[in-house]
1. Considering Ile19, Ile41, which residue is in contact with a Leu (Cβ under 9 Å, 6 or more places away or on another chain), in a helix (DSSP H, G or I) and under 28 Å from Val98 (Cβ atoms)?
2. Surrounded by 10 or more Cβ atoms within 10 Å (Cβ to Cβ), among the charged types (D, E, K, R) and without any contact (Cβ under 8 Å) to a residue 40 or more places away in the chain - does that describe any residue in the stretch 82-95?
3. Looking only at the stretch 4-17, decide whether some residue is touching a residue at least 12 places away in the same chain (Cβ under 8 Å), touching a strand residue (DSSP E or B) at 6+ places or on another chain (Cβ under 6 Å) and either of a type in the set (D, E, K, R) or open to solvent by 100 Å² or more (accessible area, probe 1.4 Å) (or both).
4. I want to confirm something. Restricting to the stretch 47-102 and keeping residues that are part of a helix (DSSP H, G or I), within 19 Å of Asn27 (Cα to Cα) and polar (S, T, N, Q), which single residue is modelled with the lowest pLDDT?
5. Can you name the condition, by its number, that Lys29 falls short on among (1) in contact (Cβ under 8 Å) with a residue 40 or more places away in the chain; (2) open to solvent by less than 90 Å² (accessible area, probe 1.4 Å); (3) outside any helix (DSSP H, G or I)?
6. Any residue at all in the stretch 37-60 that's surrounded by fewer than 16 Cβ atoms within 10 Å (Cβ to Cβ), under 26 Å from Val95 (Cβ atoms) and β-branched (Val, Ile, Thr)?
Amino acid sequence: FLIVGIKNKATYSVARVAIRARCHYANKKWLGGMLTNFPTIETRLHKFRDLRTEQKTGGLNRLPKRDATMLKKQLSRLQTYLSRIKYMTRLLDIVIIVDQQEEYTTF
């Protein structure tokens, strides 16, 4: 499952429900190609996991200050957008979109 709720009214609820259901969710920015171009997202997820591992083991501290700062900034950005889907290994079967439109029109 992937639960998506980007609007301000839905972000907290989406996060709470997805954590309880133990499924992936997106409540910040929807990344383009998350479903249509999954190989690219998968590459970014691998990069995110590698950077986290390097940070935990202290590998970033051994780099020059400028390089370490750039990688920490990149890790922070990836953390914001990918941390909720970091264990996604394949394209998901079901996507639930919450609060797509604020107003419904009846005919």
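The values are calculated or read from the model by the stated rules, or taken from the named source; none is laboratory data. In this text, all values refer to a predicted model and were calculated from it rather than measured experimentally. Quick reminder, even Gly has a Cβ in these numbers, built from the backbone with ideal geometry, and neighbours come from all protein chains shown. These accessible areas exclude ligands, DNA and RNA; they are computed on the full protein's heavy atoms, side chains included. Shrake-Rupley method; radii C 1.70, N 1.55, O 1.52, S 1.80 Å.
1. Selected residue: Ile41, the only one of Ile19, Ile41 that is in contact with a Leu (Cβ under 9 Å, 6 or more places away or on another chain), in a helix (DSSP H, G or I) and under 28 Å from Val98 (Cβ atoms).
2. The answer is no; no qualifying residue exists.
3. no
4. Ser83
5. Going through (1) in contact (Cβ under 8 Å) with a residue 40 or more places away in the chain; (2) open to solvent by less than 90 Å² (accessible area, probe 1.4 Å); (3) outside any helix (DSSP H, G or I) one by one, Lys29 breaks only (2).
6. Within the stretch 37-60, one or more residues are surrounded by fewer than 16 Cβ atoms within 10 Å (Cβ to Cβ), under 26 Å from Val95 (Cβ atoms) and β-branched (Val, Ile, Thr).
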